[in-house]
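No lab work stands behind these numbers, since they all come straight from the coordinates. What you see is a predicted model, and the numbers here were worked out from it, not measured in a lab. Please note: Cβ atoms are built from the backbone with ideal geometry, for glycine as well, and neighbour counts cover all protein chains shown.
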Amino acid sequence: MFLLSSSVVPASAGLQSDYYLREEIPLPPGEVMEISSIALMPEQKIAVATRRGDLWICSGAYADDLSKVTWKKFAQNLHEPLGMFWKNGSLFLTQRPEVTKITDADHDGLADSFETICSDWGISGDYHEYAFGSEPDKNGDIWVVLCLTGSSDADADWRGWAVRVTPDGKMIPTCSGIRSPGGIGFNASGDVFYTDNQGFWNGSSSLKWLKPGSFQGNPNGNKYHKLANLPAPPDVTNKSRVLAERLKFPIFTPPSVVLPHAKVGQSPTGIACDQSGGKFGPWENQIYIGEQTHSQVQRVCLEQVKGLYQGAVFHFLEGFETGLIPIRLDQQAGILFAGGSNRGWASRGSKPFTLERVKWTGKVPFEIQTMTANPDGFTLNFTEPVDPATAGNPASYAMKAWTYILQSGYGSPEVDPATPQITAATVSADKKSVRLKIDGLVRGHVHHLVSKGVTSATGQSLWHPDAYYTLNEIP
């Protein structure tokens, strides 16, 4: 039960359109544009690749008048590119079987040079053997996460692994335990993360840290360690828990942020880190995650505790016209580009594919900006001052906690439930943060905090009152 100290009804949190303007970018007439990759190019051009293998260049996607957008097909007959970036006059694509460098050598607006950078992993022909590729890291390496065959087996070399492709084309197997990735990207420190989907050995979808040498939890591709004479990844116990297994196997890196199934989407995809300096709102260094099934973008704040990443996920943007696959934030312009498709999986929205952009209106919503862990609870930082009477009342909050079964079967129910008790809520002097004292924190559990009773100093309710914090370690 949530209590308010005043009989005054809180003001509405506002509509998404008050804070963020979502607009559809017109697509080439008559074309099937199931967008799988987006790259930002010079002169405010955008490269867009599709699941069906076409590569287009879009001009005018930044303009106020989107009716003047133009398109030119740059290449075709590619193999489901899922990752693309522009560098030194060329586009680099991660396709299902390889990383490719594509160049317009004679400058006629059409690709005429196709160079295979690396093709050292295998494909069997199974529809599910996706390969998601990153932009280059600080060493120039491209990270590629390789989906399992049928999302459950490993019928081709290195399926279920993350590999790095060096600038000279060498492939370095780097992490094991991958299941079914939906996107890959970096945080502000340059560490690599990917989204993995609920399924075999994955109780719920999550954002995972690709710490070099780590095991990510799914043993179905373990056998390929022999190809590179690497140590065998862990043989985890069926029907166990992530915490129990990672305590046995130190290379088992737990999910940084679990995305509770159906509560925070169902199919996480692309990753974008906000380093726009406030051009997209007050979320500097936070991570945005695309969502295919629910046609949304979620927001994640991370911290490191005892050597592991953990943090909270919040609902953020919704209403996109199809299931999102790639998202790309232009840091200079403060514009988020998102594209996708509903083929293969149903999604919210009225269209089978779309390309959209989102701009911040400049108005800041009243939100929990960050949620960080303490030895005895959590600290909430808000985007604007809170009303001390509501934010300082423990009855304004409620919390539940749970975990998932680590098992060979598909997904998991929420298990091992707990009800941590919020015993105190202390508002800071500047009224922009609240320290919650909580009895009953559970290491390894997702902690769902609901803050429906909290209002701002101006009487506004939270735009999104729910936070889901994955407590891998208690400080």
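Model label points for LYS248 and ASP18, set 7 angstrom from Cα along the Cα-to-Cβ axis, are 5.1 nm apart. What the Cβ-Cβ distance of HIS128 and SER189 gives, at R0 = 22 Å and to the nearest 0.05, is a FRET efficiency of 0.10. Of the chymotrypsin sites (Phe, Trp or Tyr not before Pro) found in the stretch 327-393, those that fall in a DSSP loop while having at most 16 other beta-carbon atoms within 10 Å are TRP345. Full extension of the chain between SER59 and LYS87 yields a length gain of 8.3 nm, computed as 0.36 nm times the residue separation minus the alpha carbon distance.
Between the C-alpha center of the stretch 161-219 and that of the stretch 336-383 there is a gap of 22 Å.
Between GLN275 and LYS359, the FRET efficiency from the beta-carbon distance, with R0 = 25 Å, is close to 0.90.
Counting only Cβ charges, +1 for Lys and Arg and -1 for Asp and Glu, the dipole size of the chain around its Cα centre is about 1000 debye.
Sorting 304-317, 140-153 by average packing, meaning the other beta carbons within 10 Å per residue, from highest down gives 140-153, 304-317.
Its DSSP H runs of at least 4 residues, each contributing -39,500 (n - 2.57), put the calculated 222 nm mean residue ellipticity of the chain at -500 deg cm²/dmol, to the nearest 500. Under 20 Å of direct C-alpha separation, and excluding same-chain neighbours fewer than eight residues apart, LYS68 reaches these lysines: LYS45, LYS359. Between GLN16, PRO29, ALA47, whose Cα lies farthest towards the positive end of the dipole of the chain when Lys and Arg beta carbons carry +1 and Asp and Glu beta carbons carry -1, centred on the Cα centre? So the residue furthest toward the plus end is GLN16. Cross-link reach is defined here as a Cα-Cα straight distance under 21 Å, omitting same-chain residues fewer than 8 places apart; for LYS431 the lysines meeting it are LYS363, LYS452. Take every DSSP beta bridge whose two residues both sit in the chain; close to 95 percent of them are antiparallel.
The lysines whose alpha-carbon is closer than 24 Å to the alpha-carbon of LYS239, local same-chain residues fewer than 8 away aside, are LYS208, LYS223, LYS248, LYS263, LYS400.
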